[in-house]
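Asks: Sending over a structure as structure tokens; questions will come in a sec.
The values are calculated or read from the model by the stated rules, or taken from the named source; none is laboratory data. As the structure is a prediction and not an experimental result, all values here were calculated from the model. Cβ placement follows ideal geometry from the backbone for every residue including glycine, while neighbour counts extend to all protein chains displayed. Side chains are part of the model used for accessible areas, which takes the heavy atoms of the whole protein and leaves out ligands, DNA and RNA. Shrake-Rupley method; radii C 1.70, N 1.55, O 1.52, S 1.80 Å.
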Amino acid sequence: MPTRAFPFPPAPRLDLEPEYRRLQQEEPVSRVRLPYGEEAWLVTRHADVRTVLTDPRFSRAAAVGRDVPRVAAEDFSAGIVAMDPPEHTRVRSVCRTAFTARTVARLRARATGIATELAGDALAAGTFDAVEDFALPFTLKMICELLGVPFADREHFRHWAEAGLAATAISEEERWSATAAMWDYIAALVAERERRPREDLISAMLTARGTVSHDELVMLVMTILVAGHETTSTQLPNFLYVLLADRDRFADLVADPALIPTAVEELMRYVPLESGGTSPRYATADVELSGVLVEAGSPVVPASVIANRDPAVFADPDRLALARDPNPHLGFGLGAHFCLGAPLARLELRVALEVLTSVAPDLRLVGESGIDWKTGMLVRGPSRLTLTA
């Protein structure tokens, strides 16, 4: 079996790399070599990706101390993302009430207010950047208010978050420097909340910390701060690009806002956010996937972006069907590491589309000249998306 270089050469815009489809059809469990680390198995079918994400025989903790397959020279996986149950459950439990559907629903009015204000300011300018003028400030303000992080410091942790999701966009020294600066900032914030609790998530986590150590709590807050805005602030412009590149899609949501909840799920399935596969898991026992024996000790990279286009699960998988239901996509992961902030992300994405389709029904792309795309990052999307109403 040949070993291929991975990630594959990037496709333009938000297209899927064609090699994914060929492998899913002909070689669903294949050997790959990432820029750093040992060789791995790449799995591309929905059923196999589900197994890797949910079966306890595949471990994130087993990656600790290994030469993990990765796109950057250093392995920055740490904290909760490098744990398995029951340790993972112990740490995650301190914020179990923060991102429940009920708790997040109470944030809807605030989210609508923030989005409406930002959209009004952006539209008043005539032409605006959906990234800088809407998506980033919207998601940053939401996560800052939830955690209790000063919004005035947003430029600092925006930089730190981007560094955390960089693949080749910055040097390893810059990544280490950003990580250290973020650690010091969050550690000081946690210490301040220990002295003077407030009505925010950090204070609630301190109350519920149980056996979670100070360092584990700091790392958890860092993870939430990064994941709580960076991915959603990338996905929202992605969604707008997809909806406006074929403007009938946006018009469908304007005509029928009740479509927005299923549209968000379908866009989560359809848009390939990850540029290099999900974090590898290590097999702790021999497991057969699509007829291939994955031996114990082998790293496996689950490719959710193509699993979300598996024709065995999704009819006409390369078509965006805004009313698709059911929709068992893997856009938020699955299993123990299912995205903690999924309810918040869903709320923000739905509210953003509700507001924009309501106040800007004639919204459109300025053109390809008004779009710049991210490079050297673990997520794909526009760094600039110019819109006009």
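Asks: Anything in the range 348-389 that is open to solvent by 20 Å² or more (accessible area, probe 1.4 Å) and assigned to a helix (DSSP H, G or I)? List them, or say none.
Replies: Arg350, Glu354, Ser358, Val359, Glu368, Ser369 - these are the residues of the range 348-389 that are open to solvent by 20 Å² or more (accessible area, probe 1.4 Å) and assigned to a helix (DSSP H, G or I).
Asks: Give the range 70-91 a look and list any residue that's modelled with pLDDT of 80 or more and open to solvent by 50 Å² or more (accessible area, probe 1.4 Å), or say none.
Replies: Within the range 70-91, Pro85, Pro86, Glu87, Thr89, Arg90 meet the criteria.
Asks: When residues of the range 191-202 are filtered for being more than 17 Å from Met142 (Cα to Cα) and touching a residue at least 24 places away in the same chain (Cβ under 8 Å), how many remain?
Replies: 1
Asks: Kindly state which helices (runs of 4 or more DSSP H) lie completely within the range 217-310 and contain at least 2 residues that are open to solvent by 10 Å² or more (accessible area, probe 1.4 Å), modelled with pLDDT of 95 or more and not acidic (Asp, Glu).
Replies: Per the criteria, 230-245, 247-255, 260-270.
Asks: Only one of these conditions is not met by Asp67: (1) in contact with a Gly (Cβ under 7 Å, 6 or more places away or on another chain); (2) open to solvent by less than 10 Å² (accessible area, probe 1.4 Å). Which number is it?
Replies: (2) is the only condition that Asp67 fails.
Asks: On to the next question. I need the full set of residues from the range 13-24 which are surrounded by fewer than 17 Cβ atoms within 10 Å (Cβ to Cβ) and closer than 16 Å to Met1 by Cβ, in order please.
Replies: Arg22
Asks: Hey, could you check the range 181-212 for residues that are of a type in the set (Gly, Ala, Ser) and open to solvent by 50 Å² or more (accessible area, probe 1.4 Å) and say which is farthest from Val71 (Cα to Cα)?
Replies: Gly210
Asks: While we're here: Output the qualifying pairs, or none if there are none: Cβ atoms under 6 angstrom, residues six or more apart or on different chains, first residue in the range 312-330 and over 13 Å from Pro272 (Cα atoms), second residue of a type in the set (S, T, N, Q) and open to solvent by less than 70 Å² (accessible area, probe 1.4 Å).
Replies: That search, which allows pairs on different chains as well, returns Ala323/Thr262; Asp325/Thr262.
Asks: Consider Glu174 against the criteria (1) within 22 Å of Gly376 (Cβ to Cβ); (2) open to solvent by less than 70 Å² (accessible area, probe 1.4 Å): it satisfies all of them except one. Which criterion is unmet?
Replies: Failed condition: (2).
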